[in-house]
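Have a look at the structure below, then the notes.
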Amino acid sequence: MMYALYGSPSTAGTAIHWMLLELGVPFELTLLDFDKAEHKTPKYLALNPDGFVPTLIVDGAPVTQMAAIAALLAERHPEAGFAPPPGSAARADYLSWSYWLANSWQPHFRGWFYPYEPAGEAAQDAAQDVARGRIEAGLARLDARLADRDYLVGEGFTTVDLLTAILCRWTRNMPRPATEWPNLKRYLDAIRQRPALREVHVREGLTDWIDG
Ligand SMILES: N[C@@H](CCC(=O)N[C@@H](CS)C(=O)NCC(=O)O)C(=O)O
């Protein structure tokens, strides 16, 4: 098997699970049980030293980091058109938004869901307040970008949209979810019609958000 994915339901692993379904390539799937700490076993830590999901085994070697895995899959399956090729007009936007998502925006979700990490249990509320503000600032930036576009970069669906949709999904139980921004709502409503995104919800047993 060319690909083997380690994920867990409703996580960053869901993004890669979704992308593999979009590509229609065969893969093996292992959904780790966080409650049993299956992502912290020595065997798994040898694949992903942070003990995070996702990890994608590509031709026998582990690849980590959701955004990197998505970009790698786009590169290995260029016929899907999930990344503007090097040298194309949209390439700079593609790289810039990919890195913004992974490097500037996604870490605040870690701050929201794991608020004890930056400064311990006692500072959790303050950490969550900061994370919430930065997540909402990112939603406002995405909403402005989408005012006159259907996709974030270029003319079609890319991994930037895939990663954005998954991160927006994570806001669904936050005080101000992504769907409260009008351009994002229109964009997410269209993306939520994609058969592979609907299929990954079924396969991971997820019932909320997909229908609004
Ligand atoms: N930067 C990493 C972050 C991955 C991440 O934080 N994954 C979460 C689930 S969404 C996780 O594995 N959490 C388990 C833990 O922190 O122990 C990536 O993009 O792959």
- Item | Estimated FRET transfer efficiency when R0 is 35 angstrom, pair residue 144-residue 43 (beta carbons, to 0.05) | 0.20
- Query: Using the Cα atoms of the chain to build a convex hull, what is its mean projected area in square nanometres?
  - Reply: 12.0 nm²
- What share of Cα pairs, in percent, lie more than 18 angstrom apart in region 91-194? 46 percent
- Task: Can you tell me the dipole magnitude for the chain around its Cα centre, using point charges on the Cβ only (Lys, Arg +1; Asp, Glu -1), in Debye to the nearest 20?
- Result: 180 debye
- With every protein chain left in place, what is the accessible area of residue 179 in Å² (1.4 Å probe, nearest 10)? 40 Å²
- Task: Summarise the long-distance tail of P(r) for region 86-146 by giving the % of C-alpha pairs beyond 17 Å.
- Result: 48 percent
- In the chain, what percentage of the DSSP-assigned beta bridges are antiparallel, given to the nearest 5? 65 percent
- Message: Computing the accessible area with a 1.4 Å probe over protein heavy atoms, can you report the carbon and sulfur percentage for region 3-80?
- Response: 55 percent
- With an 8 Å cut-off on Cα pairs and a minimum separation of 6 or more residues, tell me the relative contact order of region 1-109 in percent. 24 percent
- Which value at 222 nm does the chain reach when only helices count, each DSSP H run of 4 or more adding -39,500 (n - 2.57), with the total divided by all residues and rounded to the nearest 500 deg cm²/dmol? -14000 deg cm²/dmol
- Computed FRET efficiency, Cβ-Cβ of residue 123 and residue 50, R0 22 Å: what is it to the nearest 0.05? 0.50
- A correct Stokes-Einstein calculation for region 3-80, using the alpha-carbon Kirkwood radius, 20 °C and 1.002 mPa s, returns a whole-number D in µm² s⁻¹ of 172 µm²/s
- Query: To two decimal places, what compactness ratio does region 60-111 give when its Cα radius of gyration is scaled by 2.2 N^0.38 Å?
  - Reply: 1.25
- Task: Please identify the helices of the chain, taking whole runs of DSSP H, that span at least 30 Å along their own axis as judged from the Cα atoms and have a mean Kyte-Doolittle score of 1.0 or higher.
- Result: none
- Task: Report relative contact order for the chain in percent, whole number only (criteria: Cα-Cα under 8 Å, sequence separation at least 6).
- Result: 20 percent
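The values are calculated or read from the model by the stated rules, or taken from the named source; none is laboratory data. The structure presented is a predicted model; accordingly, all values stated were derived computationally and were not measured. Counting neighbours? That spans all protein chains shown, and the Cβs are built from the backbone with ideal geometry, glycine included. SASA here: full protein model, heavy atoms, side chains in, ligands and nucleic acids out. Shrake-Rupley method; radii C 1.70, N 1.55, O 1.52, S 1.80 Å.
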